Each structure stands twice: as C-alpha cells, then as structure tokens.
Amino acid sequence: MRVLVTGARGLIGYHVAQVLTEQKVEPVLTSRGEAPFPNLPYRALDLTQRDAVHQLIRDTSPDVVIHSAAMTLVDACQEQPAVCWLRNVTATRYLLEALTKEKPQAHFIFVSTDFVYDGFPAEERPYVEGDYEAPLSVYGASKLAAEAWVKLYPGPWTIARTALVYGWTPTLPRDNILLRVIHRLSQGGVIQLFANQVRTPTWARDVAIGLFLLAEKRAQGLYHIAGSDIETPYTFGQKVAKVWNLPGELIQPITELDFRSPAPRPPYSPLSIAKARAIGYNPHTTEEALQLLHSTTIWVRG
Ligand SMILES: NC(=O)c1ccc[n+]([C@@H]2O[C@H](COP(=O)([O-])OP(=O)(O)OC[C@H]3O[C@@H](n4cnc5c(N)ncnc54)[C@H](OP(=O)(O)O)[C@@H]3O)[C@@H](O)[C@H]2O)c1
C-alpha cells in the first residue's frame, strides 16, 4: 500500500508519517517547506497549483491519499476567505480531479473538523456522524465545502472529522493549546482559556492512528476521529498544568464576553467516536495522553 500524505510538515501529517513508518508502510510525503524526515520520499509543492498536483499523482500513483494539508488558522481564514477557499477547497478539488483521472481506485481520506457543526445541537449530546452541519466560520464552511467535493469523488472516500488537536513535532507550522499552556505557565504568565466552549481534544498521535486504521480497514464514509474525553479549553489547561506541575491558578477562565475572536466558534462541538471505536479506534484519555507526552517528549522542558 503506497500512501501519499499531504501536509506532512503539519501537526497531524507528521504523526501520520510516523505511524505509517512504524506500521512498515512507506509513505510518500508532501507539503510546502523542507522535507520533515530525511529518509522518507518527499516532494515540496503547493497544492493550489493544479498542474503540479496532477504531476504529483502521476509520479506517485498512490493507493491511499491522506489529505491533511489545509489553512488551519481559523481567524486567518475569517480574515482572508479567498485564500482559505483556495487552500482548503480548490486544492482538495485538484487532488480529487487528478485521482479521478490518474488513479481512480485510490482511497481518498480527507481530514476535516468539528467546526462544520454550529455547536447548537437540538439535544446536548456529542455530535454523531450524519448530524446536521452548519458551520459558523469561514474555516468551517471551507472544510464543509471540501467535504462536498470529496463526496462527489467516484472512488472510495472517507471523511475523518477531528477536533482541538494537540501535540508536538519538530516541524510545527503553528502552536496548539498544549504548547500555549506550557510555554505561558512556565514563564510565570497568565493565560486565558475559554470555559464555555465544549470540545473533545485529540492527541495528534491518536488522530494519526485513527487515520491509519481507516486506510488499513478501507473504512469508507464519515467518521469522527477525536479524543475520548469532553473538555473545555479551561479544564484541558488545568490538566496540562497538573501533569507538568505548573501553577494552574494562572489559568483564567473566560467567555466570549471577555474576548471576541474574529471567527465565531461553536459553543458545543464534542464528537462521538462510537462509530470509529467499532473499527478498533481506541484513543487515550486526556490524562493518559498528557502523561505520555510529558514522559516521552524533551522539548518543552528547557
Ligand atoms: N489542528 C487542529 O486542531 C485541527 C482540528 C480539526 C481539524 N483539523 C484538520 O486537520 C488537518 C491537519 O491540521 P494540522 O493541525 O496538522 O495543520 P497544520 O499543523 O497547520 O499543518 C498544515 C499543513 O498543511 C500544509 N499546507 C497548507 N497549505 C498548503 C498548500 N497550499 N499546499 C501544500 N501544503 C499546504 C502546510 O505545509 P507547510 O508547513 O510546508 O507550509 C502544513 O504542513 C487540516 O485539514 C485541519 O483542517 C485540525
């Protein structure tokens, strides 16, 4: 099985490359910057360049594509909708178009988001696959529009929605909630975290394992690949502070009345993972993941 991973320098793509290598599947990697792994095949390219995308698919002839590349900064998408659409929707369409022409049986796995939901469910329970989607932000709308293109792909496809992903890699293009809390608290600074946004935070390694499972089992359709615990950013931050032995009292709980970001976020978007569990997906609890990160990662200590 030859697996093409887009966004390989990103938080999720990097972990996917690691998990595939552990599973003895040699990935072919792509993103825009320098190669994230010296020993793995890599091509730097901009997925918004249609000809380059077609050439990539012709040259690599993948059996599976795990498409994680995207413009992921939610507020930047709100401020630059045209750029966001180009990177998130048009680039996905180019990949699908190239596969349809060059490798129509390839399994296309699209990494999507809980932000396709508005966060105002009829009953307060985690979202299940098939629930009504109504994104509040440009980012969420762009991912849902890309999902619509994926559903038109004539070959096998899977949409894997994940949420509030945390972790560390040496090539991270941006920070995440885990790194923000550790860096701020270890400098003795105050950090404000929303206490009224409800999520299922997900360790990047768990997402990667989930994506591998979807590929291995050829699972098709819509799946939630998220963490097992329901948290707010505030409760998550408190758990990080506890594991890293940092002063949790420096975390201030806030709501949108205290701070309004450019892009609206869903107030309540936990994802049910019951469907993914049925194919063997079994993510760590928040505490387990944080303990593992704390004991195995040397970066943030210094
Ligand atoms: N992180 C989260 O909390 C979260 C939550 C839900 C869903 N997701 C979804 O999960 C996926 C991966 O997220 P992530 O956090 O791993 O993202 P990330 O760390 O921001 O990395 C994004 C990657 O996409 C690549 N990329 C962006 N635009 C590109 C383009 N035009 N051409 C080629 N490569 C491009 C970047 O390449 P360079 O680094 O080389 O520029 C980078 O490697 C995304 O689809 C996102 O929507 C993420």
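Descriptive notes on the structure:
- When we screen 16, 25, 3, 64 for residues that are within 14 Å of the ligand (Cβ to nearest atom) and not hydroxyl-bearing (Ser, Thr, Tyr), the only hit is 16.
- Among the residues making up the stretch 1-47, those that are closer than 18 Å to residue 213 by Cβ and among the small types (Gly, Ala, Ser) are 13, 17.
- Unmet criterion (only one of (1) more than 10 Å from the ligand (Cβ to nearest atom); (2) out of contact with any Pro (no Cβ under 8 Å at 6 or more places or on another chain); (3) under 11 Å from residue 65 (Cα atoms)) for residue 39: (3)
- Residue within the stretch 235-251 that is in a strand (DSSP E or B), out of contact with any Pro (no Cβ under 7 Å at 6 or more places or on another chain) and under 22 Å from residue 174 (Cα atoms) present: yes
- The lone criterion from (1) over 18 Å from the mean Cα position of the chain (by Cα); (2) free of Cβ contacts under 8 Å to residues at least 60 places away in the same chain; (3) buried (at least 18 other Cβ atoms within 10 Å of the Cβ) left unmet by residue 80 is number (3).
- Pairing residues of the stretch 41-65 that are in contact (Cβ under 8 Å) with a residue 24 or more places away in the chain with residues that are β-branched (Val, Ile, Thr) and away from the ligand (no atom under 12 Å from the Cβ), at Cβ distances under 8 Å and at least 6 apart in sequence or on separate chains, gives 42/28; 60/28; 62/3; 62/28; 63/3; 64/3; 65/3.
Conditions tested, residue by residue: (1) under 17 Å from the mean Cα position of the chain (by Cα); (2) basic (Lys, Arg); (3) at pLDDT 95 or above.
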{"site": "32", "(1), (2), (3)": "no, yes, yes"}
{"site": "45", "(1), (2), (3)": "no, no, yes"}
{"site": "50", "(1), (2), (3)": "no, yes, yes"}
{"site": "53", "(1), (2), (3)": "no, no, yes"}
{"site": "58", "(1), (2), (3)": "no, yes, yes"}
{"site": "62", "(1), (2), (3)": "no, no, yes"}
{"site": "66", "(1), (2), (3)": "yes, no, yes"}
{"site": "70", "(1), (2), (3)": "yes, no, yes"}
{"site": "74", "(1), (2), (3)": "yes, no, yes"}
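- For residue 68, the test of being in contact (Cβ under 8 Å) with a residue 60 or more places away in the chain, touching a strand residue (DSSP E or B) at 6+ places or on another chain (Cβ under 8 Å) and of a type in the set (S, T, N, Q) is passed.
The values are calculated or read from the model by the stated rules, or taken from the named source; none is laboratory data. Computed from a predicted model, the values in this text were never measured in an experiment. Quick reminder, even Gly has a Cβ in these numbers, built from the backbone with ideal geometry, and neighbours come from all protein chains shown.
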